[in-house]
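Let me begin by presenting the structure, written as C-alpha cells, before commenting on it.
The values are calculated or read from the model by the stated rules, or taken from the named source; none is laboratory data. Note that the coordinates shown come from a computational prediction; the quantities given were computed from them, not determined experimentally. Cβ placement follows ideal geometry from the backbone for every residue including glycine, while neighbour counts extend to all protein chains displayed.
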Amino acid sequence: MTPTQASAGALDAGAEVLPREDFVVTTSTEPVAKRPARQRDHAAGFELSGPGTPLPALLSTLWRTRQVLFVLARKDFFARYRRTSLGLFWALGLPLIQAVVLTVVFTHVVRVGRVVQSVQGGHHFSYAVFIYSGIVGWSFFSTNMPGSATSVVDGSGLAGKIYFPRLMLPLLVVVTGLYPLIISLGVLFLLTLALQHSVGFEFLFVIPATVLVVGISAAFGIALSALHVYFRDVKFLVQAVMSVLFYATPIIYSLSNAPASIRPFISFGPMAGPIELFRMATVGADSAWPQAVAGGVVWFTVAMALGLYLHSRFDRVFVDRL
Amino acid sequence: MSTPVISLRGVGKRYIKYSDQPMLMTAALRWRQRTKRSELWAVRDVDFDVDEGESIGILGRNGAGKSTMLQMLAGVTAPSSGVVHVDGRVSPLISVGVGFHPELTGRENVYVNGTILGMPRKTIERRFDEIVAFAELENFIDTPVKFYSSGMFVRLGFSVAIEADPDILLVDEILAVGDFAFQLKCYERMQKIRERGTTVVVVSHNLGGLRTFCDRGIVFDHGRVVHDGSMFDAIGSYHQLLAVSEADASGDPTEQRQELGSVEIIESRLVDADGSPAAHVNAGDTLVVRATIRAGRDIERPFSGIIVSTDDRDICVYSDSNRNQPHPPLRAGEVQTYEARIPANFPTGSYTVKMSFHRHVDDYRTVPLGRTPPVSFYTTGRPLVGGLADLAAAFTATSATG
C-alpha cells in the first residue's frame, strides 16, 4: 500500500480532513518494514501490585538501564559549559586557580603550616598540598550533596512520565560530579609534584580515597533523596549540616590538631576517612587514619542500607508525592 | 494468540490528600489529635486486557482518572490495589520539554532521549536519519533545542518515541500541539507500527483523531470504567457523560442569574427529530434544541437564538428568530417553551449548542436576557469535509470541449 492510499483509507473512516494537497503524507516508511520482526521485550515488562519493589529487581533494572546514567551524566556535565566562551577550560581552570590561591596564601601570607606540621610527625611537607588534598574530597561531597538530596523531587518532570529506578537520580548527580573530581585529581598530582618535588607510588592511594568519597556521597544521596520526598526540610538540613561539617572535618587542620576531647568525633566524621586517604597519597596521613577510614566505611554501610531500603519500599510511589 | 500485552485486575489507585504542611512541625503540634486524612480513589476496580497490536483510546472528563491510568501503564506509579501487568517495553510520548535539555542540540537530545526510552546507542545511530526526517528537522538538528518552537519539540519527541520501537506506545494528548499535517502523519505512522505488533494507548479529547485511529474505546468516569467496547460506542457513551454533567451544572444558581436574570431557564435539552435525546448524530440529521423558560418580568418583544460552537470554543454558527419571526410577548411569571430546529451540517467532531434569549428595545437595539447551559453532541460527518460547517454544496462537471 502506498502512503497516499493509506491516507485515503484513513479518510474513508470519517476523519475530519481538509482535502488539500500538502496534507497527503509522503514519508517513506520502507526502512521500518525492512526491520526484523518484533520480539516482545519481556525483560522490560513489569507487574505492579503494591508500592514495594523487591531490591534485587530494582538493582537489576538499574543495571539493565545503566547506560542512561552515563549518557545523562555526560550531557549534564558538558551542557554546563555551553555558551561560555572558554568552554571546558572552566572545568580545569577553577580547581587550578583554587590550587594557586591556596599555595600563595599559605606559603607567603598566612604561615600556619608549622602548627600543622609540628603534630604531623614533624616531617616537612607543603601546607598548600595538605589543604588541597582535603579540599578535593570535601568539595566533591559538599557540592554534590545538596543536589543529590533533592534529586528525586527535582527530577519529577521526567519521573512523572517515564519509569526508571529513582535511585538513578541521586546517582546521576554523583556520576556527573566524577568529571570535575577527575580533573581535580590531576591538579592535585601536579600540585604535589610542584611543591613536594616528588610523587611516589603512595599517590595510588587516591584510588581507595576516590572510591570511598564517591561511595559515601552516593549512599548519602540515595538515602536523603528518598527522605526529601516526604520531608522537604531535608534540603535545608543538608545545607546547615554542610556548613558545620566543613569545620568538623580535618580539611584545614590535621586530626591531631583537634583537642583530644573531640578528636574521636572528628575522626568519625563522614568525610574524615576519604580525606585521610587523600593525605596518605600526598603528604602522609595522620596516625589516627584507620579509625577515620573505618568510620567512613560504617557511614557508607548505614546510609546505603537505609537508602536502598527506602528506595525499594517507595520507588514506584515517590511520584505521588512530587 | 499470544498473551495480552497489558492486563489489569481490580486495579485501584488511592491518593491521600495531606494538608499543606504535613512535616514534622504539624506532626508535633497535632501529636494527640488524629490527623484527618482524606482519601481519593482516582481509579477504582479497573479490569481490562489489551492484546498485541490493539489501539485503544481512553476517554473521560477531566479528573476521571485517565492520567493516573496512563501513569500506571507507564509503570511510573504503582496501584494501591489490584495488579497491573505489562509484558513488554513501554515508551511514553514525553511531553513538550520534558527530557529535553535546552542547551543541547537536537542531535544530542535525540541520543539522550533515545537512551532514556531504552534504545541502545547502535540502534539510535542506525535510525538517526529516519528520526530526523520524520520530525522534518533536517535543517535544525544542530541547533540547541531551546530555539525550537513547541511544534518542533513535539515532532522531535514523537519521532524519537516512535523510533524507539516499543511494545507499547503511550500517547497523551500532546499530539494536539503539532500542526494538522503532522498529526495526520503521526496517526499514519502509529498505524504502521501497529502492523508490526506495537500496541498503542491514546488519551485524548480529540474525538475525531481517536475515532480515526482507535478500534476500541474505554470511557472512565470518576475512576471507574463505564464503557469498554468499540470506539464508536465509546464516543456516544462519553457524550452522555458530558450531557449529564452539563445538566448538573444547569442547577447552578449562578448560571441562571446571568444576563440580568429576567428569564429563568427551567429546562433545556437537545433531541433528535423523533424527540429522543441526541448525543450522537450523523451529518444532515435534524437537531432540535428545546428550552423552557419562565419570564421574570414582562417582556415585550422577545426573540431566541442558537449558537453552535466547536470543542475549542470557535463559534460555528449563530442564528436567531429576530424581527422576522417574532415570539409573542411574555408576562411576568409566564412559562414558555421555545424550539429551534437545525440540520446538523457539521464535519466530524464535538460541538456544543446553546440557546439564547434576547429582547428588542427597538428595531435596531437588542438586550440579552439569558442563555441555556451548553449541551454537547458529536457529529459523524461526511468524509472529506473540513472547516466549521458543511455547506453540502452540489458540484457538477460539464464538458466544454464542444
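The table below gives the values:
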{"item": "Within the stretch A:47-77, considering residues that are crowded, with 18+ Cβ neighbours inside 10 Å and among the hydrophobic types (A, V, I, L, M, F, W, C), the one nearest to B:Gly12 (Cα to Cα)", "result": "A:Leu48"}
{"item": "Qualifying residue in the stretch A:152-159 (condition: surrounded by 23 or more Cβ atoms within 10 Å (Cβ to Cβ) and of a type outside the set (A, V, I, L, M, F, W, C))", "result": "no"}
{"item": "Residue within the stretch A:193-210 that is out of contact with any Ser or Thr (no Cβ under 8 Å at 6 or more places or on another chain), of a type in the set (Val, Ile, Thr) and crowded, with 18+ Cβ neighbours inside 10 Å present", "result": "yes"}
{"item": "Strands (runs of 3 or more DSSP E) lying entirely in the stretch B:50-97 (those with 2 or more residues that are more than 8 Å from every other protein chain (Cβ to nearest Cβ), at negative phi and buried (at least 18 other Cβ atoms within 10 Å of the Cβ))", "result": "B:55-60"}
{"item": "The stretch B:179-203 residues that are farther than 21 Å from B:Met69 by Cα, paired with ones that are assigned to a helix (DSSP H, G or I) and polar (S, T, N, Q) (beta carbon under 7 Å, 6 or more apart)", "result": "B:Leu184/A:Ser7; B:Tyr187/B:Thr212; B:Glu188/A:Ser7"}
{"item": "Filtered residue count, the stretch B:183-216, keeping only those that are within 23 Å of B:Thr348 (Cβ to Cβ), of a type outside the set (D, E, K, R), surrounded by 18 or more Cβ atoms within 10 Å (Cβ to Cβ) and out of contact with any Phe, Trp or Tyr (no Cβ under 8 Å at 6 or more places or on another chain)", "result": "8"}
{"item": "Sole residue being modelled with pLDDT of 95 or more, β-branched (Val, Ile, Thr) and buried (at least 16 other Cβ atoms within 10 Å of the Cβ), chosen from A:Ile251, A:Ile183, A:Ile222", "result": "A:Ile222"}
{"item": "Residue within the stretch A:265-286 that is under 20 Å from the mean Cα position of the chain (by Cα), under 13 Å from A:Pro146 (Cα atoms) and in the same structural domain as A:Pro170 (by TED's automatic domain parsing) present", "result": "no"}
{"item": "Residue satisfying condition, being assigned to a helix (DSSP H, G or I), of a type in the set (Phe, Trp, Tyr) and modelled with pLDDT under 95, within set A:Phe236, A:Phe300", "result": "A:Phe236"}
{"item": "Those helices (runs of 4 or more DSSP H) lying entirely in the stretch A:45-145 with at least 2 residues at pLDDT 85 or above and aliphatic (A, V, I, L, M)", "result": "A:55-64, A:66-80, A:89-104"}
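Yes/no matrix, rows are residues, columns are (1) in contact with a Pro (Cβ under 8 Å, 6 or more places away or on another chain); (2) in contact (Cβ under 8 Å) with a residue 24 or more places away in the chain; (3) surrounded by 21 or more Cβ atoms within 10 Å (Cβ to Cβ); (4) of a type in the set (Phe, Trp, Tyr):
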| position | (1), (2), (3), (4) |
| --- | --- |
| A:Ile262 | no, no, no, no |
| A:Ile275 | yes, yes, yes, no |
| A:Val283 | no, yes, yes, no |
| A:Asp286 | yes, yes, yes, no |
| A:Pro290 | no, no, no, no |
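Yes/no per residue for (1) assigned to a loop (DSSP other than H, G, I, E, B); (2) in contact with a strand residue (DSSP E or B) (Cβ under 8 Å, 6 or more places away or on another chain):
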| position | (1), (2) |
| --- | --- |
| B:Tyr318 | no, yes |
| B:Asn322 | yes, yes |
| B:Pro326 | yes, yes |
| B:Glu339 | no, yes |
| B:Phe346 | yes, yes |
| B:Val353 | no, yes |
| B:Asp363 | yes, no |
